[in-house]
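Worksheet: the structure to be examined is printed underneath.
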Amino acid sequence: MTEQERINTEVQTKLALQDAKFNIFMQEMRDRDNQRAEDMREIRSSVAEMGKHVRNLAITSMAAIGGMVIAVGAMVITVVYTIFKS
């Protein structure tokens, strides 16, 4: 084997190693991207679920406040009616 052939073989070996390392690196990057995408899907799902709970709590609060207003109004009407009836 001539010196040039040995150099060519050596360069090809190093190139093959670098190519393998690059492919491994690219696969790791794809895996990380896929993991990030999955994490984002979970976060969006969690936020959507939380939004439903907040909406339900807001509706319940409005209903409770409405009930309190009706109760206070009924008490005021009862007191006023009692005063004028006497």
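Read-outs throughout are calculated quantities, based only on the coordinates presented, and are distinct from any laboratory measurement. Because the structure is predicted, anything quoted here is derived from the model rather than measured. Cβ placement follows ideal geometry from the backbone for every residue including glycine, while neighbour counts extend to all protein chains displayed.
A crude spin-label estimate for the pair Met68 and Thr9, with each label 7 Å from Cα along the Cβ direction, gives 8.8 nm. Summed over qualifying helices (DSSP H, 4 residues or more, each -39500 (n - 2.57)) and divided by its residue number, the chain shows a 222 nm mean residue ellipticity of -37000 deg cm²/dmol.
Summing Cβ point charges (Lys, Arg +1; Asp, Glu -1) relative to the Cα centre of segment 1-77 gives a dipole of roughly 540 debye. Look at the dipole of the chain built from charges on Cβ: of Met50, Ile83, Met26, the Cα furthest out on the positive end belongs to Ile83. The per residue volume of the convex hull around the alpha-carbon atoms of the chain is 51 Å³.
Determine the gain in length on full extension of the stretch Met40-Ala16; use 0.36 nm per residue of separation and subtract their C-alpha separation, reporting nm with one decimal. Before the final figure, lay out the partial values.
On the way: separation 24, 0.36 × 24 = 8.64 nm, distance 3.59 nm.
This chain segment gains 5.0 nm when fully extended.
Here each label is just a point 7 Å from Cα along the line to Cβ, and for Ile77 and Met50 those points are 4.2 nm apart.
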